[in-house]
Amino acid sequence: MKVGFFYQSAFNYVASYMALNQLRKHYPQSPVVLYEDRSNVLKEVADKFNCIYKKTTIEGKSRSKFLGSPAHDRASTLDWLKRIYTECKTNLKDIDWIVHFEDDVWCMRKIKEEPKFMLQGAPGPPYKEELKNYLESKPRKLQEGSMHFYGMAGGSIFNREAFIECYDNLEGIDWDYIDSLDDRVLKWTDVILTFIFQYSGYPYQAWKEFGRYNAKDTAFKLDKTGYSVPLSQQVDCAFLHPFKHFYNYEKEELQQAIDKEI
């Protein structure tokens, strides 16, 4: 199974360092494309972990480390898709499957169960009823799977060739109409990534290799006590999300993060 990773980040030096450090324990040679937007701190992290580094032209103030997203409106969302398309044709052209990687994705182990659908990830929430009906009216390539849910969060996986096909099918789409059916499509990466496959007839399916971090009814505190339920108590999976413990460390505290038992 030839797998690569597409990763866009900003500001979170330690979180990025720790996520990539962990990823390289299990995928030391797999291609990782790291785009940095709005900040200028991740080039040395990309070099440290042998990533293909790109810098976006995105400008703007620092976003919340805990709620940030590389896509937040129509322009940034479509630009994000275009970056994936570019990498599918270039730096990731020799791989079969691409993992949507983020700062809060923790690679627990190598993938054991290869995907059976062209896109798989979290058992995500439903679309609004209007978009459900719209997608259900389109021809399906498989009878199994869902047109009603999205879930391509960090740690999800998709087929490279199918993505190229789906992206090429988006030309001429009425995005105003899609936005009127569900305004989340053009605001969140997990939604748009799921949508473009379903728009081309590929249904979505949850993936056993995706696991959701379980805080066990403790608060996600925005300090170093947060996200502290041990990883040994988490579900068996390849990619755990969202694990934001290392969002709480500044660059100067990198060694403290490295020494932390989790």
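Only the coordinates and a few stated rules stand behind these numbers; no lab work does. None of the values given here were measured: they were computed from a predicted structure. Virtual Cβ from ideal backbone geometry, glycine too; neighbours counted across all protein chains shown.
Odds and ends about this structure:
- More than 21 Å apart - percent of Cα-Cα pairs taken over region 1-150: 52 percent
- Value of relative contact order over region 72-227, rounded to a whole percent, pairs C-alpha under 8 Å and six or more apart: 34 percent
- Shape call, region 128-176: gyration tensor on alpha carbons, a/c limit 1.5: rounded
- Neighbour net charge for Gln120 - beta-carbon separation under 15 angstrom, K R +1, D E -1: 0
- Nearest-ten-degree value, helix 189-199 long axis tilted from longest Cα axis of the chain: 30 degrees
- Taken along its three principal axes, the alpha carbon spread of region 3-259 comes to 53, 39, 34 Å, from the longest extent down to the shortest.
- Whether region 158-248 is rounded, prolate or oblate, judged on the alpha carbon gyration tensor where a/c under 1.5 counts as rounded: prolate
- Charge tally around Thr218: other residues with Cβ under 15 Å, Lys/Arg +1 each, Asp/Glu -1 each, net +3.
- Computed from point charges on the beta carbon alone (+1 for Lys and Arg, -1 for Asp and Glu), the dipole magnitude for region 3-259 about its Cα centre is near 520 Debye.
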